[in-house]
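Chemist: Structure provided below as structure tokens; questions to follow.
No lab work stands behind these numbers, since they all come straight from the coordinates. It should be emphasised that the depicted structure is a prediction, and the values quoted were computed from it without experimental measurement. Don't worry about glycine lacking a Cβ; one is built from the backbone with ideal geometry, like all the others, and counts go over all protein chains shown.
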Amino acid sequence: MNKKISVGIIGGGIAGLSFANFLCNNNLFKIKIFEKKNTFRQNASGIQLSNNAIKILKTINFNNISEKKISIIKNIHIQDYKSNKSITNFSLNILNNSSEYICLDRDVLINFLLDRINVNVEISHKEAISIKDNSINFLDNSNEIFDYIVVADGIFSKIRKSLQNLDFLQSVNAIGFKGIIQNHKKLNIENLDLYLGDQKHFIFYPINSYGDFSFTSIFALQNSILNKDYENLVLDKDSLLSLSADANTDIKGIITSANSIYQWPIYKHKNIFFGERKIFIIGDAAHGMVPFQAQGAAQSVEDAFCLAKLFEKRIYEIDKFYKFRSSRISMINARSNLNLYAYHVSNLFLKKIRNFFMKIICNNKLLCNLYFGKIYNYKFKDLI
Ligand SMILES: Cc1cc2nc3c(=O)[nH]c(=O)nc-3n(C[C@H](O)[C@H](O)[C@H](O)COP(=O)(O)OP(=O)(O)OC[C@H]3O[C@@H](n4cnc5c(N)ncnc54)[C@H](O)[C@@H]3O)c2cc1C
């Protein structure tokens, strides 16, 4: 029997675990995942998944997840942050090809990915610090050699930094706060509410049918307040309420009902880097983007799927991976950056223009499909 090809994955987030899933039934490969934390879970993190990611995840039986553990979104209701006044309603059934949009607890997705991993995959809770040739070096001074290495260690990727030896992180002077609310009494569990304010926005959505909801509150802030070490710092409700002083009563009520609130610094990468030689980089580590198009997780799934398809075909060329992924990532990055500006605009005249375009795009089937179809109706079967 031929010797198996060994693949070391650094990082057990959505990108790393998805990649392991897409390849674990292929007996050609022997996979080992290194996750630095002793858990794969994260604090208070709801996540939105659009059609492009759901279609890919369905190839590994994502549709078997109990409908109770997810929330199927039918409408995105865009409203004013201060007054609650409706700006427009984006009914997702306007999109062609029965696009699906779901929200869920990130841990539900992580558990699904972990449950499917089989004997071809080994898991080790060790922190990687660098890669030399084909060897991963760890914090505990050990090292392990692989035929190929897949780096999926997130937006602050130490491994990418050690390979490139340059600072690829770019602050966008914004900070996010996330929280989960349990047993909320909101009746409509098919709506995602997006509130747009001056230099801030707020998103609120159901994550299952048990009455649990997630919110994300994002503020433009001065550089001096930002510090990436603040990731996952717990914030008290009163501090978030005082930052949200001009919010409408719905938003204030949501913040007041939160269990715990966690802080997320918002960064993006200056450029895309998918790796070199036998080292492939996927997910946020390759192309950290601002979460304003809610595509970070979806693009991690797409990267993982595309790379797994290449590996299945025994194509181990970084150039090919670039060819399939870079223009799509650049397009989604540009959309996310546009939203960063559009969501936070405070000039009254510019707000009117923004609202006008939002109404036109969200209510016109043709325009809507042209604009969002490019992201959501991605023909993943043509990926390779
Ligand atoms: C406020 C906010 C809201 C968001 N909302 C959405 C949303 O609604 N929809 C969406 O699609 N995306 C959203 N995102 C983005 C999404 O969370 C990320 O794009 C996605 O999680 C990236 O997955 P990843 O696997 O690349 O990285 P991560 O999820 O960051 O996983 C990296 C993993 O690697 C591990 N690790 C790190 N360094 C090492 C090391 N040296 N050795 C070993 N292990 C290591 C980490 O512990 C972690 O488990 C949001 C992001 C933010 C900040």
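Chemist: Considering each residue of the stretch 292-307, count those that are within 8 Å of the ligand (Cβ to nearest atom) and either among the aromatic types (Phe, Trp, Tyr) or outside any helix (DSSP H, G or I) (or both), and give that number.
Modeler: Going through the stretch 292-307 one residue at a time, the tally reaches 2.
Chemist: If you don't mind, there's one more thing I want to ask. Condition test on residue 322, is it closer than 22 Å to residue 264 by Cβ, out of contact with any helix residue (DSSP H, G or I) (no Cβ under 6 Å at 6 or more places or on another chain) and assigned to a helix (DSSP H, G or I)? Break it down into steps so the answer makes sense when it comes.
Modeler: Values: closer than 22 Å to residue 264 by Cβ: no; out of contact with any helix residue (DSSP H, G or I) (no Cβ under 6 Å at 6 or more places or on another chain): yes; assigned to a helix (DSSP H, G or I): yes.
Against the criterion (closer than 22 Å to residue 264 by Cβ, out of contact with any helix residue (DSSP H, G or I) (no Cβ under 6 Å at 6 or more places or on another chain) and assigned to a helix (DSSP H, G or I)), residue 322 does not qualify.
Chemist: Can you work out which of the residues in the stretch 128-180 that are of a type in the set (S, T, N, Q) and part of a loop (DSSP other than H, G, I, E, B) is nearest to residue 37 (Cα to Cα)?
Modeler: The qualifying residue nearest to residue 37 (Cα to Cα) is 157.
Chemist: Right, another one. Scan the stretch 16-39 for residues that are near the ligand (Cβ under 10 Å from one of its atoms) and surrounded by 20 or more Cβ atoms within 10 Å (Cβ to Cβ) and jot them down.
Modeler: Passing the criteria: 16, 17, 18, 19, 33, 34, 35.
Chemist: Failed condition for residue 45, given (1) of a type in the set (Ser, Thr, Tyr); (2) touching a strand residue (DSSP E or B) at 6+ places or on another chain (Cβ under 8 Å); (3) surrounded by fewer than 20 Cβ atoms within 10 Å (Cβ to Cβ), with all others met?
Modeler: Failed condition: (3).
Chemist: Run residue 313 past the list (1) surrounded by fewer than 17 Cβ atoms within 10 Å (Cβ to Cβ); (2) basic (Lys, Arg); (3) in contact with a strand residue (DSSP E or B) (Cβ under 9 Å, 6 or more places away or on another chain) and report the number of the one that doesn't hold.
Modeler: Checking residue 313 against (1) surrounded by fewer than 17 Cβ atoms within 10 Å (Cβ to Cβ); (2) basic (Lys, Arg); (3) in contact with a strand residue (DSSP E or B) (Cβ under 9 Å, 6 or more places away or on another chain), the one that fails is (3).
Chemist: Follow-up. Got at least one residue in the stretch 273-283 being within 23 Å of residue 102 (Cβ to Cβ) and buried (at least 16 other Cβ atoms within 10 Å of the Cβ)?
Modeler: For the stretch 273-283, residues within 23 Å of residue 102 (Cβ to Cβ) and buried (at least 16 other Cβ atoms within 10 Å of the Cβ): present.
Chemist: Might you check whether a residue that is of a type outside the set (Lys, Arg) and either within 14 Å of the ligand (Cβ to nearest atom) or part of a helix (DSSP H, G or I) (or both) occurs anywhere in the stretch 78-88?
Modeler: So far as the stretch 78-88 goes, no, none of its residues is of a type outside the set (Lys, Arg) and either within 14 Å of the ligand (Cβ to nearest atom) or part of a helix (DSSP H, G or I) (or both).
Chemist: Output the residues belonging to the stretch 53-78 that are surrounded by fewer than 22 Cβ atoms within 10 Å (Cβ to Cβ), under 19 Å from residue 192 (Cβ atoms) and of a type in the set (S, T, N, Q).
Modeler: 75
Chemist: Name the residues in the stretch 1-29 that are assigned to a loop (DSSP other than H, G, I, E, B) and within 22 Å of the chain's Cα centre (by Cα), would you?
Modeler: Passing the criteria: 11, 12, 13.
Chemist: Considering (1) under 13 Å from residue 196 (Cβ atoms); (2) surrounded by 12 or more Cβ atoms within 10 Å (Cβ to Cβ), say which one residue 346 fails and leave the rest.
Modeler: That leaves (2) as the condition not met.
Chemist: Turning to a different aspect of this structure: Can you give me the number of residues within the stretch 137-169 that are more than 10 Å from the ligand (Cβ to nearest atom), under 21 Å from residue 264 (Cα atoms) and of a type in the set (A, V, I, L, M)?
Modeler: Of the residues in that region, 1 qualify.
Chemist: Right, something else. Condition first: more than 9 Å from the ligand (Cβ to nearest atom), under 26 Å from the mean Cα position of the chain (by Cα), in contact (Cβ under 8 Å) with a residue 60 or more places away in the chain and crowded, with 16+ Cβ neighbours inside 10 Å. Now tell me which residues in the stretch 112-136 satisfy that.
Modeler: Residues satisfying the conditions are 113, 114, 116, 117, 121, 123, 131.
Chemist: Inside the stretch 330-354, can you point out the residues that are of a type in the set (Gly, Ala, Ser) and part of a helix (DSSP H, G or I)?
Modeler: Once the filter is applied, which keeps residues that are of a type in the set (Gly, Ala, Ser) and part of a helix (DSSP H, G or I), the stretch 330-354 yields 330, 334, 336, 342.
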